Amino acid sequence: MSTSPDAETPLPTRAGALPTRVPQARAGGRHRRPEIPAILEGAPPLVLAVPGPADADLEDVVREIALLARAGRPGLDVRPVFLGAGATDLTPVLGPVGGAAEATPDDAAAGAEPADGAEEAVDGEPAPAPVAEGVRNAVVVPLLIGPHPEVEARVRATVEAAEGRELTVTEALGPHPLLAEALHERLSEAGLARADRARLFTVVTAADGIILATTGGPAALQAADMTGVLLAARLALPVVTADLEVPGAVGDAATRLRQMGAERIALAPYVLGPDLDPDLIETAAAHAEVTASAPLGAHGALGKLVLQAYLAAAGIQD
């Protein structure tokens with residue numbers, strides 16, 4: 001797992017939120033790095049809308065992406081919500097809206113009237129504690145590499161069902177140059193591309209053609225084309241896009257690359273990873289007779305893009 005280079009101290013977990021970690025004091029000196037500004041108290045939480053029902057692998061990736069985002073702004077309140085079929089209730093992560101606030105000791109000493117909705121003691125039994133009011137304002141960042149109409153519809157349904165809240169929803173994270181950089185890194189990790197951009201050394205297994213495979217339909221494929229152009233510029237190789245969910249699409253892309261003269265072809269999954277059928281990438285690669293790199297997963301680029309989307313929507317200077 002990627003972690004901040006500074007030692008971190010875990011704080012108690014807030015209900016519905018991930019553990020908050022804050023860097024310890026930085027050492028002084030002439031060459032110390034600039035201090036990272038913390039999120040101010042009262043800033044809206046970041047609701048990370050994750051496609052697909054929760055499972056152990058997906059939860060691990062989401063947890064790491066959240067920590068990567070928080071490393072860029074200590075104190076950032078990240079609250080994941082997993083979007084299965086239909087709308088998802090945000091109450092578990094944001095708390096109830098319209099609950100009565102708890103009375104303070106000063107109020108009780110002054111004999112203040114109970115707040116609306118608070119129950120009085122009955123037969124000497126203490127009254128049940130009133131429910132604290134939940135968060136009304138939040139920024140919802142869909143964990144989407146590119147446009148995905150089905151998931152975006154789930155996000156809209158979830159937001160519309162959250163009555164009494166002011167929720168700002170951001171766009172998909174890509175296309176973006178950081179995602180092309182992340183794809184390049186995943187290819188190099190698999191020995192399918194040179195790690196440097198200057199091409200100062202060779203990799204025997206390096207591919208001479210790349211299939212950029214994504215999901216989400218025509219809109220996602222069009223957005224992937226833009227990332228493909230950026231990746232092609234980084235690698236100085238032809239890049240062809242394909243829809244992983246369309247039977248034969250990856251094989252057709254491989255045929256096009258072979259017609260261009262490519263002999264060693266790599267499949268670069270332009271997807272998060274755990275949100276998909278685990279056999280989808282492997283089956284497509286085997287059918288097209290190509291070698292696949294790992295999906296994006298919990299890459300640092302996703303943490304940066306999630307944070308950037310939140311800061312822009314919340315009106316906080318980067």
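The values are calculated or read from the model by the stated rules, or taken from the named source; none is laboratory data. Please read these numbers as outputs of a predicted model, since none were measured by experiment. Cβ: placed from backbone, ideal geometry, glycine included. Neighbour counts: every protein chain shown. Calculation scope for accessible area: heavy atoms of the full protein, side chains included, ligands and nucleic acids excluded. Shrake-Rupley method; radii C 1.70, N 1.55, O 1.52, S 1.80 Å.
Here is how the numbers come out for the structure above:
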| quantity | calculated |
| --- | --- |
| Nitroxide proxy distance, nm - points 7 Å out along Cα→Cβ at Ala38 and Glu189 | 3.2 |
| Restricting segment 38-98 to GluC sites (Glu not before Pro) in coil, as DSSP defines it, with at most 11 other Cβ within 10 Å | Glu41 |
| Net length gained if the chain between Arg63 and Thr91 were fully extended (0.36 nm per residue, minus Cα distance) | 8.1 nm |
| Rg(Cα)/(2.2 N^0.38 Å) for segment 163-318, N = residue count | 1.10 |
| Rounded if a/c under 1.5, otherwise prolate or oblate - segment 227-267, Cα gyration tensor axes | oblate |
| Of all accessible heavy-atom area on segment 212-318, the percent that carbon and sulfur account for (1.4 Å) | 53 |
| Gyration tensor (alpha-carbon) shape descriptor, segment 35-104, a/c threshold 1.5 | oblate |
| Sum of side-chain charges, Pro142 neighbourhood, beta-carbon under 13 Å (Lys, Arg +1; Asp, Glu -1) | -2 |
| For Leu192, distant residues with modelled amide H under 5 Å away | none |
